[in-house]
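Novice: Have a look at this one before I ask anything.
Values in this text are rule-based calculations from the coordinates and carry no lab data. Here the structure is a predicted model, which means the values were calculated and not measured. When we count neighbours, we look across all protein chains shown, and the Cβ atoms used for this are built from the backbone with ideal geometry, even at glycine.
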Amino acid sequence: MPFYTRLFVKTSLAYAVLAAALLALTDLASLMRWSNFSPYQTALHLFLVGWVLQLIIGIAYWMFPKYTQARPRGYDGLMALAYGALNVGLILRLVVEPIPTFWVESWARTVFVVSSVAQWVGLLAFVVNMSLRIKVK
Amino acid sequence: MPRWTAVYVVSSFVYLLLGGAWGAWMLATKGQGAGSVPWAYRAWHVEAMLFGWLTQFIWGIGFWIFPRFWTARPRSELLPWNWVLLNGGLLLGAWGVFTRSLGMRFVGHLGLLAAAVLFAHHAWPRIKPPGA
């Protein structure tokens, strides 16, 4: 497996564990009536973006047709950007989103904006690199 | 990759970017209440990401890599109809979300249902043991 495949797949496995843990914490928060802790949406996105999407990115990077002989997997800089931006965005989200009292703070709103832009830039970098490798045979 | 895989993958990428942009807008406006514009139409984000991106990508790749019968992909003539039903259903569903028309959403979801049935019908015989 190429480097970025290993990186994305191992990271995705870690997110699967984290998402499941956060889901369990969601139930615990309800049972214990922790009204200031609400991690359900964060858990969902750690599952769908952190686990499912990053697993797909890693495997697609490995399996898609080669771009050129010189650059068989496209531009690795784009994959580095995809990895960094998606994960910075997810981690920022994880810091702020589960605690609703943060949401009205101006610093937290800034974190939400940075997180959302980072995640979308990560998606764009992945799409651009993989679009180069879509080849009909 | 086969032509229809390329079509499905490109379409799924379009939904990934559009649905992802809507989700990013929702996240950026977190805490402004359910009445803010992106949150009022969150159903579109969910459907774009789950059906437009994830399902469409998986179906495209499945058509490519599932086992073949010698070299043939049986029932592959269904793929264009499947694509039309899936993307037509998504568009009608989106129209229903943005115009708050439950009837239109229902028609869109029937399109997704028909597409799912059609893809299962295509893929079923290709899920087989080695050499079968």
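Novice: To the nearest 10 degrees, how steeply does helix B:79-99 sit against the main Cα axis of chain B, on a 0 to 90 scale?
Specialist: Once rounded, one gets 10 degrees.
Novice: Moving on. Going by amide H atoms built from the backbone, whose H comes under 5 Å of the H on A:Gly74, apart from near neighbours?
Specialist: A:Tyr67, A:Thr68
Novice: May I ask for the angle, rounded to the nearest 10°, between helix B:3-28 and the longest principal axis of chain B, with both axes built from Cα atoms and the value confined to 0 to 90°?
Specialist: 20 degrees
Novice: So which helices of chain A fit the span-like rule, where a helix is a whole DSSP H run, its Cα atoms reach 27 Å or more along the axis, and its mean Kyte-Doolittle is at least 0.0? Before the final figure, lay out the partial values.
Specialist: On the way: long enough: A:3-31 (42 Å, 1.34); A:76-96 (30 Å, 1.58); A:106-131 (37 Å, 1.24).
Those that clear 27 Å and a mean of 0.0 are A:3-31, A:76-96, A:106-131.
Novice: Once both labels are modelled 7 Å past Cα along the beta-carbon direction, what's the B:Val117-B:Phe98 spacing in nm?
Specialist: Simple spin-label model gives 2.9 nm for this pair.
Novice: Sticking with this structure for a sec: I need A:Ile99, B:Ile61, A:Ile57 ordered by Cβ neighbour count within 10 Å, fewest first. Present the calculation step by step, with values, prior to reporting the outcome.
Specialist: Working: A:Ile99 15, B:Ile61 20, A:Ile57 27.
Going from sparsest to densest Cβ surroundings: A:Ile99, B:Ile61, A:Ile57.
Novice: By count of other Cβ within 10 Å, fewest leading, how are A:Ser106, B:Ser36, A:Ser12 ordered? Before the final figure, lay out each step's value.
Specialist: Details: A:Ser106 7, B:Ser36 13, A:Ser12 20.
Fewest-to-most Cβ neighbours within 10 Å comes out as A:Ser106, B:Ser36, A:Ser12.
Novice: Which lysines, on any chain, are close to A:Lys66 with Cα under 22 Å apart, when same-chain ones fewer than 8 places away are left out?
Specialist: The reachable lysines, counting only those whose Cα sits under 22 Å from A:Lys66, are A:Lys135, A:Lys137.
Novice: Taking the number of other C-beta atoms within 10 Å as the exposure measure, put A:Met79, A:Met63 in order starting with the fewest. Walk me through the numbers on the way to the answer.
Specialist: Values: A:Met79 24, A:Met63 13.
The most exposed by this proxy come first: A:Met63, A:Met79.
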